[in-house]
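I have placed the structure first, in the form of structure tokens, so that the comments after it can refer back to it.
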Amino acid sequence: MLSTLSLFALEPTYWIKQYEWRECTDLEFVAKNIFSAGLVSQGSSWVAGLDWLDELCEWSLQYEIEHMVPAILDILILYRYEELPYYRRK
């Protein structure tokens, strides 16, 4: 659940930095995260402000390093998918 929250809270900022013609101002950044902060603040130990976002960013980066690695099963599924008749390369 925390991984999904980090995805929806952090990815828009990454995409804006990478693909938009300008970065978010501080006001826009805070405004975008007010809704997410409201979701997080219920039943959590985070205090006010955007401290939760910094902690979530650190946690999600560590989670990706440890748990989101390629697996042998992924490769086997890819090879099996390429054998399907509608996937033939031209």
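Here are a few things to note about the model shown:
- Taken together, the criteria place Leu39 among residues that are at pLDDT below 80, hydrophobic (A, V, I, L, M, F, W, C) and under 21 Å from the mean Cα position of the chain (by Cα).
- Odd one out for Trp21 among (1) over 18 Å from the mean Cα position of the chain (by Cα); (2) modelled with pLDDT under 80: (2)
- Among the conditions (1) at pLDDT 75 or above; (2) of a type in the set (Gly, Ala, Ser); (3) in a loop (DSSP other than H, G, I, E, B), Ser60 misses just one, which is (3).
- So Glu28, is it modelled with pLDDT of 80 or more, outside any helix (DSSP H, G or I) and either under 20 Å from the mean Cα position of the chain (by Cα) or surrounded by 10 or more Cβ atoms within 10 Å (Cβ to Cβ) (or both): no
The values are calculated or read from the model by the stated rules, or taken from the named source; none is laboratory data. Since the model is a prediction, treat every value here as computed from it, not as a measurement. As a convention, Cβ positions derive from the backbone with ideal geometry for all residues, glycine included, and neighbour counts pool all protein chains shown.
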